[in-house]
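Before any comments, here is the structure.
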Amino acid sequence: MSETKILSPDVLVCGTSIRLLALETTKSKWTTVLIGSRPGRYLIVEMPKVAGAPVKLDEGTRWAANFISKGAVYSFNTEMLGYTYRLVPLLFLEYPREVEVANLRTEKRYPVNIPILIALTQTAPPQKALVVDISEGGFLMASPFQLEPETQIEVIFHLPKEEPINGIQAVVRACRGKPGGYFIGLAYSPSNRPETASRLRDLISNIENMPLRL
C-alpha cells in the first residue's frame, strides 16, 4: 500500500542511490547518487557514468525517479533542470512537489549486532560486515563497501554460542552512505533452502523472547 506525501528533506540522505527512468522518447535507465538538495527548488545528483565517463542528460527532459530511505520507497516524476562540470559533473533535478511512499518491510524489526561474512562471487574472498537490524523478511547491514540494488549475495551469520547459519541467499534492495561506509538493506531470497529459512525463523523467535538483544 502506497500513499502520496510532500517530500520531507529529512529523508534526503547524501549518498542515497536514485534510479531514473526516461518518460519521453527512449526508455533510458540510469542510477545516480544524491549529493544534496535545496528543498522546494532542486535535487543535486551525480551525472551517471558509462565506462567511467559522465553522461549529460538533456535539459527539460522528464524522468520517473525513485529512491529508498528509512525502510520506504519514494517515487516521483521530475524534470532535468541543468548540469555543471565545475569541480565534479553534477545534474540538477526539479524538487518533487509530491511523492508516493510505499513501505519496504512491514515486519517488526529487531536491533541486533551480528557479525557476518559475505560471498560476492565464488572466487572472491568473503567480506566482513555487521547486521544491525533484522526482520522476518530481511536485514540491514553496516558495510565498509557499497553494493548496487538487485545484487545477489550469500551470507553467513555468526551467532554467539550457536552454530553459524550458512548459505543465506539475499538480494540488495537499498544502499546509502554513512560515515565510514554504507547501510545496505537486503531481502531474503525465495531460493533459500528450507533448513536455512527454518533457522532464520528460529533466530527471530529467539530474539523476540530475549530480554537483551544480540
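The values are calculated or read from the model by the stated rules, or taken from the named source; none is laboratory data. Remember, it's a predicted structure, so these values are computed and weren't measured experimentally. Note that we place each Cβ from the backbone using ideal geometry, even for glycine, and neighbour counts take in every protein chain shown. Protein only, heavy atoms only, side chains kept; ligands, DNA and RNA dropped before computing areas. Shrake-Rupley method; radii C 1.70, N 1.55, O 1.52, S 1.80 Å.
Quick look at the numbers
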quantity: Whole-Å semi-axes of the chain's equivalent ellipsoid (Cα gyration tensor); calculated: 35, 19, 15
quantity: Fully extended contour minus Cα-Cα distance, from Leu81 to Leu117, at 0.36 nm per residue; calculated: 8.7 nm
quantity: Lys, Arg +1 and Asp, Glu -1 on Cβ, resulting dipole of the chain about Cα centre, debye, nearest 20; calculated: 360
quantity: Under Karplus coefficients 6.51, -1.76 and 1.60, residue-wise ³J(HN,Hα) of the stretch 165-181 in Hz, glycine/proline x; calculated: 9, 9, x, 6, 8, 9, 10, 5, 10, 7, 8, 9, x, 9, x, x, x
quantity: Cα-based Kirkwood hydrodynamic radius, the stretch 85-168, one decimal, Å; calculated: 15.9
quantity: Residue-normalised accessible area of the stretch 92-209, expressed per residue, 1.4 Å probe, Å²; calculated: 54
quantity: Residue pairs, from the table Lys108/Lys128; Lys49/Lys108; Lys5/Lys128; Lys56/Lys108, whose Cα atoms sit over 32 Å apart; calculated: Lys49/Lys108; Lys5/Lys128; Lys56/Lys108
quantity: Stretchable slack from Ser28 to Arg41, in nm (0.36 nm times residue separation minus alpha-carbon distance); calculated: 2.2 nm
quantity: Residue order for Trp30, Trp63 - accessible surface, 1.4 angstrom probe, largest first; calculated: Trp30, Trp63
quantity: Where N is the number of residues in the stretch 54-125, Cα Rg divided by 2.2 N^0.38 Å; calculated: 1.66
quantity: Heavy-atom accessible surface of the stretch 110-214: percent carbon and sulfur, 1.4 Å; calculated: 54
quantity: Taking the chain and dividing mean pair separation by its residue count, relative contact order in percent (alpha carbons under 8 Å, at least six apart); calculated: 16
quantity: DSSP-assigned coil residues among trypsin sites (Lys or Arg not before Pro) in the stretch 1-94, each with at most 16 further Cβ atoms within 10 Å; calculated: Lys27, Arg41, Lys56, Lys70, Arg86
quantity: Local net charge near Val172, Cβ-Cβ under 10 Å (Lys/Arg +1, Asp/Glu -1); calculated: -1
quantity: Accessible surface, 1.4 Å probe, highest first, among residues Tyr42, Tyr74; calculated: Tyr42, Tyr74
quantity: Charge tally in the Cβ shell below 14 Å around Arg41, where Lys, Arg are +1 and Asp, Glu are -1, Arg41 excluded; calculated: 0
quantity: Whole-Hz couplings from phi, Karplus 6.51/-1.76/1.60, listed for the stretch 125-140; x for Gly and Pro; calculated: x, x, 10, 8, 8, 9, 7, 10, 8, 9, 9, 5, x, x, 7, 10
quantity: Most mobile listed residue (Glu98, Glu154, Glu163) in the chain, GNM with C-alpha springs under 10 Å; calculated: Glu163
quantity: Total formal charge among the other residues, if their Cβ is under 14 angstrom from that of Pro149, Lys/Arg +1 and Asp/Glu -1; calculated: +2
